[in-house]
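**Student:** Structure provided below as structure tokens; questions to follow.
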Number of protein chains: 4
Amino acid sequence: MLSNAKGVYIIAQTPFKENDDIDLESVDTLTDFYFSHGASGLTVLGVSGESNKLTFGESVQVANRFIRRAQGKPVIVGVSNPSIAQLDELTKRVMDDGASGVMIAPPNGLRTDQDILNYFEAVFKRIGDVPIVLQDFPFSTGVWMSVPVIAQLIERHPQIQVIKEEDIPSITKITRLRDLPGRRVAILTGNNAMFLPLELGRGIDGPMAGFSHPEMLSSVYNLYTAGKTDEAHKLYNCYLPLLSYENQSQWGVAVRKEVMRRRGALKHAGMRSPSPALDARAHAEIDMLLAHQQQALAALGN
Amino acid sequence: MLSNAKGVYIIAQTPFKENDDIDLESVDTLTDFYFSHGASGLTVLGVSGESNKLTFGESVQVANRFIRRAQGKPVIVGVSNPSIAQLDELTKRVMDDGASGVMIAPPNGLRTDQDILNYFEAVFKRIGDVPIVLQDFPFSTGVWMSVPVIAQLIERHPQIQVIKEEDIPSITKITRLRDLPGRRVAILTGNNAMFLPLELGRGIDGPMAGFSHPEMLSSVYNLYTAGKTDEAHKLYNCYLPLLSYENQSQWGVAVRKEVMRRRGALKHAGMRSPSPALDARAHAEIDMLLAHQQQALAALGN
Amino acid sequence: MLSNAKGVYIIAQTPFKENDDIDLESVDTLTDFYFSHGASGLTVLGVSGESNKLTFGESVQVANRFIRRAQGKPVIVGVSNPSIAQLDELTKRVMDDGASGVMIAPPNGLRTDQDILNYFEAVFKRIGDVPIVLQDFPFSTGVWMSVPVIAQLIERHPQIQVIKEEDIPSITKITRLRDLPGRRVAILTGNNAMFLPLELGRGIDGPMAGFSHPEMLSSVYNLYTAGKTDEAHKLYNCYLPLLSYENQSQWGVAVRKEVMRRRGALKHAGMRSPSPALDARAHAEIDMLLAHQQQALAALGN
Amino acid sequence: MLSNAKGVYIIAQTPFKENDDIDLESVDTLTDFYFSHGASGLTVLGVSGESNKLTFGESVQVANRFIRRAQGKPVIVGVSNPSIAQLDELTKRVMDDGASGVMIAPPNGLRTDQDILNYFEAVFKRIGDVPIVLQDFPFSTGVWMSVPVIAQLIERHPQIQVIKEEDIPSITKITRLRDLPGRRVAILTGNNAMFLPLELGRGIDGPMAGFSHPEMLSSVYNLYTAGKTDEAHKLYNCYLPLLSYENQSQWGVAVRKEVMRRRGALKHAGMRSPSPALDARAHAEIDMLLAHQQQALAALGN
């Protein structure tokens, strides 16, 4: 049951070759990298997974490869799409292929509370009984879901098992979601983990975020849930400068892929074009941030 | 050559059955209806053709059926997509199937002139030498293309053969586009034909709009180009109340499909859900508008 | 009581001199023009009244001049402002000067139903017991108010006496608003009167719109409420081409002011800069539309 | 000359009393606080200074009080306003009162490069020869200014002496701005200083940002410009967790004011209503972040 999800559901990158083709072999190394650094599960084909640059066939292929390599560990697939028919088609394919559930964000253009309720009514009528992560990411989608609306969606649709909460501020909204009566759902958080230890303090079940150092996400989670909150914060703070550097929109994704390439997680760092490219200055900044990070970790005894 | 396009390139509806399946037989009757009422060509899978509710496979199927039924008459296919890979895939399929060209609007999220130039650079690098209708519809796309930017696009990309101009006001922009030096492109206009005779006065090559009475579009075009501008205006004015009633966003599309159903152009008027539905009051308003239209036409001697 | 408002509350232009100063003498002639062409009241300092180009002092001055010249006839003043403090300050000044009420639209940036309720809670706490026109114009404000939210606002705030309804489609929303149980408010409609006779058929109390020919608004209203609905439609249709030409965003306002200048309602047609200007082609189009309008009215026996 | 601006131009809060009135005495203590913690100048009436909640009279009063208390040190006043007339009126008042210049961001609704150029043409025609900070903050204004457009503005308008750069990523844009040929302008950066040391590495002249600990901004600036880049980064990193906590939109402003209240900079922490309020959990989080910050600084030997 996804509603019992706990730990790190890492937002996975999609690896490409230099010629912009999908690099399926790097999907394998990437999957291994994530799990060997403490991930509990993967969330693939999210926004920073460049899902909006793929064809339908490529989306199926990428999701399938991640699922197979994960060997039974949970894989959630982003299927958000302005077309409910396409959302449904991808959902069916990836659920058949063994996904644990799908993640859905409301499409741009929904305005009122009623619009949002109607949209998900239509979605669930079409896709049926599939476990869902409801993504609340208003700065990306342009759709604002208030806590009462999310509560109604949870009540009406038992398929919703996880809320991915990445409104700003996330912390106050987490508290209000956690205080809701009724059926319990898991709450995982995004925003590139920029508020992770505070969010853990507000009662979330883990991060659903991307970062070039997944071991930070899992260690902070483990420390925090073991009651070592101070250690969790201190460890987190060592990584915060790089985390923040990766938190620069699409450009930050380019950085993240480059750092992961250096760590051997994938072969080629480039995003599918058109996309930002890193110059010598950016590489030098990465060098410096990594060096500082290492020093900070060393000072902490890591 | 699309750059010589002239006349009515009607924006085609997509017909559905009561159960929301595509109604391919109605694609045939619809095609016949458009051409028998004076269309020179079709533009299929546009916004009001509910293209954003279809799967990839359905899009190919619908476009293919229109193309085959058009028996060599020009069919342009809307392929706009946030994913350039998907845009490319659909473009290749429909061009293989015999489309005359594809229509592309810039995706939401492009902001500066440079963003727009970069986007189309990437598109044309990928799709190659395919005849293009560039759609300038800022109120729908959220992307504003100034005349200098459009001029640069025309200069850089010989593939652009038609501008579909539907900024507001369209008339002043048409004049500025028409006055551009350099390679001539066709200018066709949308905005549900709300400014058609004035746009003809500004030098366009015809409408690329949807309306339940395509004979109005073709007659106004024919009168105007025959120098009978007063007659063109007078005829147009008879239809303007219904045209304006159909010019109410998605709700207006529901009206248009209902009027076309009454005229035998398609079997079922419904839009694919979720979508607006017409109640008894709306039906009564349609009755009245059609009756007034008939009276106005009769008074004109039609 | 504004909740009994009936008839034409015309959206008034603000007249400027060639040097961009306010033209107070033209405020007088304009006021006389509106009332002599059948207006029941005025709505001043709206969006098309260029309110967002004035200083606070100018706003007070313009409103005051309209109020004095109206000699006791109702004048509503637009006071929408991102700053509640400024909204409050202008409200107090114009109510002291004799305004009948103020019009408020929610500011851009309100997203959820709760945001909207909170905003008006704060507004009414600050401004107190002032008669209000609540403006529902989502395409201009970017704030979507559903019928349930409007119903809650009406229930909570007895100050709300009029809804200015200009969502698209307006007609279905009018029916839903009219069917609400509870306290009755007046419903007046905008959208440049593009749907006026149909809106009258849905039960509104009159237009709150701008047009260079206010006699059309009042005559259509009078015919419709006298049960002569066919005559109302026919008269309306004579003006529809020009109405639609004026319905082109800020450029349409420039047209309206020019037509009103020709009719002697104000001295100088220009909008305060920066603003669109009309060229010779536009003037010729106006000539032609006015000529056609006169012919259509003559054919109707007017 | 503002074009020689260097150091910390802190974004100043506006202090209110519990009853929402302006707290002018706290303006004095706040001014002293900023300057005693290393500010070179102040920027008042910015977005996080709650400028959009004030009346015109209050804006003048607040700016005047800051200017007088600054005793000749530079004070820049935010005057952005959808109405150029209001922008002009406030500009004249605060320049008369001794401001060093005014900050202007383009208003929402400008779309193309040409729109932006036209807008500033009209602004400078009206306000004349006043030193200007051009604010490039697209995520707040909704207006995207490319580097070529900014270059044209600098070339055309010698009044522009500073660019406040807070696009994302800021660092790459800073490099492109710095590499522009032609007249040199100062570049100061915002984004709540989330990228300050990296921005210093890209050649900026200092931060124009708000933070509850201005001594961090000044120390990082001083270390960096003294060539102690490693020390600058290390000091910065001690503050980053709190900085990031304050970087949560309007809610973050409430946090910042609370921390500053604790430090004695102002009497009452509340923002003018309607505004977010901090609960016990938030206060506890602030306690913890401040404690961790102190520990980190101690470990660094501060």
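**Student:** Considering only residues of region A:22-39 that are under 23 Å from A:Ile187 (Cβ atoms) and hydrophobic (A, V, I, L, M, F, W, C), which is surrounded by the fewest Cβ atoms within 10 Å (Cβ to Cβ)?
**Tutor:** Top of the filtered list is A:Phe35.
**Student:** From C:Ser48, C:Ser83, grab the single residue that is among the polar types (S, T, N, Q) and in contact (Cβ under 8 Å) with a residue 24 or more places away in the chain.
**Tutor:** Working: C:Ser83 fails: in contact (Cβ under 8 Å) with a residue 24 or more places away in the chain.
Checking each option against the conditions leaves just C:Ser48.
**Student:** Among the residues of region D:267-298, which ones are at pLDDT below 95 and either of a type outside the set (S, T, N, Q) or within 22 Å of A:Asn237 (Cβ to Cβ) (or both)?
**Tutor:** D:Pro274, D:Pro276, D:Ala277, listed by residue number.
**Student:** Take the residues in region C:76-91 that are assigned to a helix (DSSP H, G or I) and within 11 Å of chain D (Cβ to nearest Cβ); name whichever of them is nearest to C:Ile22 (Cα to Cα). Steps first, please.
**Tutor:** Kept after step one, since they are assigned to a helix (DSSP H, G or I), are these residues of region C:76-91: C:84-91.
Still in the running and within 11 Å of chain D (Cβ to nearest Cβ): C:84-90.
Numbers: C:Ile84: 25, C:Ala85: 25, C:Gln86: 21, C:Leu87: 21, C:Asp88: 23, C:Glu89: 21, C:Leu90: 18 Å.
Of everything passing the filter in region C:76-91, C:Leu90 is nearest to C:Ile22 (Cα to Cα).
**Student:** Oh, and also: List the residue pairs whose Cβ atoms are under 8 Å apart, where the first residue sits in region C:99-116 and is over 20 Å from A:Gln114 (Cβ atoms), the second is of a type in the set (Lys, Arg) and in a strand (DSSP E or B), and the two are 6 or more positions apart or on different chains.
**Tutor:** From region C:99-116, the pairs are C:Met103/C:Lys164.
**Student:** Separate question: Being in a loop (DSSP other than H, G, I, E, B) and within 18 Å of B:Pro276 (Cβ to Cβ) is the filter here; which residues of region C:167-187 pass it?
**Tutor:** C:Asp167, C:Ile168, C:Pro169, C:Asp179, listed by residue number.
**Student:** Which of the residues spanning region A:98-155 are assigned to a loop (DSSP other than H, G, I, E, B), away from chain C (no Cβ under 11 Å) and either farther than 28 Å from A:Ile67 by Cβ or touching a Phe, Trp or Tyr at 6+ places or on another chain (Cβ under 7 Å) (or both)?
**Tutor:** A:Ala105, A:Pro106, A:Asn108
**Student:** Could you check how many residues of region C:247-274 are part of a helix (DSSP H, G or I) and either of a type in the set (Ser, Thr, Tyr) or more than 11 Å from every other protein chain (Cβ to nearest Cβ) (or both)? Outline the logic, then answer.
**Tutor:** If we filter region C:247-274 for residues that are part of a helix (DSSP H, G or I), which is where we start, we get C:249-262.
The next check asks that each one be either of a type in the set (Ser, Thr, Tyr) or more than 11 Å from every other protein chain (Cβ to nearest Cβ) (or both); those that pass are C:249, C:253, C:256-262.
Number satisfying all stated conditions: 9.
**Student:** Could you figure out which of (1) over 20 Å from D:Arg263 (Cα atoms); (2) small (Gly, Ala, Ser); (3) assigned to a helix (DSSP H, G or I) isn't true of D:Ser26?
**Tutor:** So D:Ser26 meets the others, but not (1).
**Student:** While we're here: Got at least one residue in region A:61-75 being facing another protein chain (nearest Cβ under 10 Å) and either buried (at least 19 other Cβ atoms within 10 Å of the Cβ) or in a loop (DSSP other than H, G, I, E, B) (or both)?
**Tutor:** no
**Student:** How do the pairs read when you match residues in region C:1-26 that are in contact (Cβ under 8 Å) with a residue 60 or more places away in the chain with residues anywhere that are surrounded by fewer than 15 Cβ atoms within 10 Å (Cβ to Cβ) and assigned to a strand (DSSP E or B), using Cβ under 8 Å and keeping only pairs 6 or more apart or on different chains?
**Tutor:** none
**Student:** Hey, another quick one. Among the residues of region D:109-121, how many are surrounded by fewer than 21 Cβ atoms within 10 Å (Cβ to Cβ), at negative phi and out of contact with any Ser or Thr (no Cβ under 6 Å at 6 or more places or on another chain)?
**Tutor:** Result for region D:109-121: 7.
**Student:** Among the candidates B:Ser219, B:Ser212, which residue alone is part of a loop (DSSP other than H, G, I, E, B), polar (S, T, N, Q), touching a helix residue (DSSP H, G or I) at 6+ places or on another chain (Cβ under 9 Å) and closer than 20 Å to B:Tyr34 by Cβ?
**Tutor:** B:Ser212
**Student:** Looking at region C:122-171, which of the residues that are buried (at least 21 other Cβ atoms within 10 Å of the Cβ) and charged (D, E, K, R) is farthest from C:Ile187 (Cα to Cα)?
**Tutor:** Taking the candidates together, the pick is C:Asp167.
**Student:** If you don't mind, another one. Would you say D:Ala85 is among the small types (Gly, Ala, Ser) and surrounded by fewer than 24 Cβ atoms within 10 Å (Cβ to Cβ)?
**Tutor:** yes
**Student:** So, one more: Specify the residue that is farthest from C:Met145 (Cα to Cα); the eligible residues are those in region A:167-190 that are within 12 Å of another protein chain (Cβ to nearest Cβ) and in contact with a Phe, Trp or Tyr (Cβ under 8 Å, 6 or more places away or on another chain).
**Tutor:** Filtering first and then ranking leaves A:Ile171.
**Student:** Same structure, new question: Go through (1) closer than 18 Å to C:Val47 by Cβ; (2) touching a helix residue (DSSP H, G or I) at 6+ places or on another chain (Cβ under 8 Å) one by one and return the number of the condition C:Lys257 breaks.
**Tutor:** The number of the failed condition is (2).
**Student:** Now a separate question. Residues C:Ser83, C:Ser3: which one is more than 26 Å from C:Ala193 (Cα to Cα) and hydroxyl-bearing (Ser, Thr, Tyr)?
**Tutor:** C:Ser83
**Student:** Ok, one more. Suppose we keep only residues that are surrounded by fewer than 21 Cβ atoms within 10 Å (Cβ to Cβ) and among the hydroxyl-bearing types (Ser, Thr, Tyr) within region D:220-243. Which one would you say is farthest from the other protein chains (Cβ to nearest Cβ)?
**Tutor:** Checking each candidate, the answer is D:Thr225.
**Student:** If you go through region B:275-287 one residue at a time, do you hit one that is within 14 Å of chain A (Cβ to nearest Cβ) and charged (D, E, K, R)? Walk me through it before giving the result.
**Tutor:** Filtering region B:275-287 for residues within 14 Å of chain A (Cβ to nearest Cβ) gives B:275-277.
Checking the rest, the ones that are also charged (D, E, K, R) come to none.
No, every residue in region B:275-287 fails to be within 14 Å of chain A (Cβ to nearest Cβ) and charged (D, E, K, R).
**Student:** Quick check on this structure: which one of A:Ala186, A:Ala193 is of a type outside the set (D, E, K, R), surrounded by fewer than 23 Cβ atoms within 10 Å (Cβ to Cβ) and in contact (Cβ under 8 Å) with a residue 40 or more places away in the chain?
**Tutor:** A:Ala186
**Student:** Tell me which residues, restricted to region B:1-21, are more than 30 Å from B:Arg183 (Cβ to Cβ) and buried (at least 20 other Cβ atoms within 10 Å of the Cβ).
**Tutor:** In the first step, residues of region B:1-21 are kept if they are more than 30 Å from B:Arg183 (Cβ to Cβ); the result is B:13-21.
Within region B:1-21, B:Gln13, B:Thr14, B:Pro15, B:Phe16 qualify.
**Student:** Pick from region B:156-166 the residues that are more than 25 Å from A:Pro276 (Cα to Cα) and either touching a residue at least 40 places away in the same chain (Cβ under 8 Å) or part of a helix (DSSP H, G or I) (or both): which of them is farthest from the other protein chains (Cβ to nearest Cβ)?
**Tutor:** So the residue we want is B:Gln161.
**Student:** Still on this structure, I have one more. Has region D:64-81 got at least one residue that is among the polar types (S, T, N, Q) and in contact with a Lys or Arg (Cβ under 9 Å, 6 or more places away or on another chain)?
**Tutor:** First pass over region D:64-81, keeping only residues among the polar types (S, T, N, Q): D:64, D:71, D:80-81.
Narrowing further to those that are in contact with a Lys or Arg (Cβ under 9 Å, 6 or more places away or on another chain): D:64.
For region D:64-81, residues among the polar types (S, T, N, Q) and in contact with a Lys or Arg (Cβ under 9 Å, 6 or more places away or on another chain): present.
**Student:** Suppose we filter B:Val47, B:Val75 for residues that are within 17 Å of B:Thr189 (Cα to Cα) and at pLDDT below 95; which single one remains?
**Tutor:** B:Val47
**Student:** Anything in region A:31-59 that is within 14 Å of chain B (Cβ to nearest Cβ), β-branched (Val, Ile, Thr) and assigned to a helix (DSSP H, G or I)? List them, or say none.
**Tutor:** Of everything in region A:31-59, just one residue is within 14 Å of chain B (Cβ to nearest Cβ), β-branched (Val, Ile, Thr) and assigned to a helix (DSSP H, G or I), namely A:Val47.
The values are calculated or read from the model by the stated rules, or taken from the named source; none is laboratory data. Everything numeric here is computed off the predicted structure, so don't read it as measured data. All Cβ positions, even for glycine, are placed from backbone atoms using ideal geometry, and neighbour counts span all protein chains on display.
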